[in-house]
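The values are calculated or read from the model by the stated rules, or taken from the named source; none is laboratory data. This one's a predicted model, so the numbers in the text were calculated from it and none came from an experiment. Ideal geometry is used to build each Cβ from the backbone, glycine not excepted, and the neighbour counts take in all protein chains shown. Just the protein is used for accessible areas: all its heavy atoms, side chains included, with ligands, DNA and RNA removed. Shrake-Rupley method; radii C 1.70, N 1.55, O 1.52, S 1.80 Å.
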Amino acid sequence: MELSPEYNEFRISVPQEFENVFTHFYFAENTSDIPVTKTLLPTYQTILLFCFGESATMSTHEKTTVNVNKCMVFGPVRQSFDYTLPAGCSILVANFKDDAFFRFFGKVSIEQSVRHPDELLEENCFTDLWHQLTKLDSTTEQVNHILEFCRPYLQHQDTTSKLLSSFENDLLNPVKVIAEQTQQTERNIQRKQKEQFGYSLKELNRYNRFLKAVKIIEEETGKQRKVKWFTIIDECGYYDQSQLIHDFKHFMNISPAQYLKFQQEICNPKSK
């Protein structure tokens, strides 16, 4: 009989109906006797995290540590952070897509999303939901329950947000194009982007450049090939090696070479 691994993790896709709300759900559990620490890459997503069993902890670059007893909402996740699952702990994470969290809870949620959801909503909806989830037997049932819980609250995405979410032409300025399409000022498009998504397009472009570099590194190491840093610099649009290093320091507080060394300990939710 084959023993199950002592640390289990997997992604859960969402039904088509919710594809513009969540990118995916993530589950992890520690069934070993010792704590397990992982590093989460930045995602620029707002995250709703439920914790079961022992309390998980999160630690930032500035060494700020937060205990997650039942549930917490935070994001958009701009920098990597460490999370530790002690023995007997499991987590279930809902990853909101684009402006979906804004469409649930409005402007105040994005501006104050580091706070506990109970404080955000001035009621115990997420804590009540956590209690409901503890009574379910499987992760699949829990995910379905969260989806049903969200359904009545979700507002439809407006035209501007749809255009911002789906814009894919790297050669054009999305702010200028969408302003012309919707007959709005560029300033208004920038304001909506920041207000409803929680980050600017400039921030997002920098993150996507960094993420492209990470994916090339993962692909090369997966094929057991030596990483060619100057190829990455060229393909991702970096000016030079120092700019590449600066981005890794900004997003992860480590150098590209250190990322390569510690890759197995780092969770990249965008690469699977």
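Below 8 Å, C-alpha to C-alpha, sequence gap of six or more: please give me the relative contact order for the chain in percent.
The value is 19 percent.
If you find the alpha carbon centre of the stretch 142-210 and of the stretch 1-63, how far apart are they in angstrom?
With the stretch 142-210 and the stretch 1-63 each reduced to a Cα centre, they are spaced 25 Å.
Which whole-number value in Å² is the accessible area per residue of the chain, probe 1.4 Å?
Here the residues of the chain average 56 Å² of exposed surface.
Residue by residue through the stretch 77-91, what is 3J(HN,Hα) from phi via Karplus (6.51 cos²θ - 1.76 cosθ + 1.60, θ = phi - 60°)? Round to whole Hz and write x for glycine and proline.
Working through the residues one at a time gives 7, 8, 9, 5, 8, 8, 10, 10, 9, x, 4, x, 10, 9, 10 Hz.
Return the distance in nm (one decimal) between the two label points of a simple spin-label model at Ser32 and Asn8, each offset 7 Å from Cα along Cα→Cβ.
1.6 nm
So how far apart, in nm, are the two label points at Ser59 and Asn173 if each is 7 Å from Cα heading toward Cβ?
Going from the Ser59 label point to the Asn173 one covers 4.4 nm.
Using 7 Å Cα-to-Cβ label points, what is the Gln184/Thr139 separation (nm, one decimal)?
3.8 nm
Using Cα-Cα distances under 8 Å and only pairs 6 or more residues apart, what relative contact order does the stretch 169-272 have, in percent?
14 percent
Using modelled amide H (1.01 Å from N, peptide plane; none on Pro or chain starts), what sits under 5 Å from the amide H of Cys71, excluding residues fewer than 5 places away?
So Cys71 has HN proximity to Cys51.
Taking N as the number of residues in the stretch 30-107, what is its alpha-carbon radius of gyration divided by 2.2 N^0.38 Å?
Rg over 2.2 N^0.38 Å, computed on Cα atoms: 1.13.
Within the chain, which is the longest segment that contains none of the GluC sites (Glu not before Pro) sitting in a DSSP loop with at most 16 other Cβ atoms within 10 Å?
Longest run free of exposed loop sites: 169-272.
Karplus couplings for the stretch 251-256 from phi (6.51 cos²θ - 1.76 cosθ + 1.60, θ = phi - 60°), rounded to Hz, Gly and Pro as x?
Taking θ as phi minus 60°, the curve returns 7, 10, 6, 9, 7, x Hz for the stretch 251-256.
Measure off, as a whole percent, the carbon and sulfur share of the 1.4 Å-probe accessible area of the chain, all protein chains present.
On the chain, the fraction of accessible area on carbon and sulfur atoms equals 49 percent.
Report, largest value first, the span of the C-alpha coordinates of the stretch 138-227 along each principal axis, in whole Å.
51, 43, 17
With every atom except the alpha carbons ignored, what do you get for Rg and Dmax of the chain, in angstroms?
Both quantities, over Cα of the chain: 19.6, 65 Å.
Gln132 to Tyr153: extension gain in nm, 0.36 nm per residue of separation minus the Cα-Cα distance?
Here the answer is 5.8 nm.
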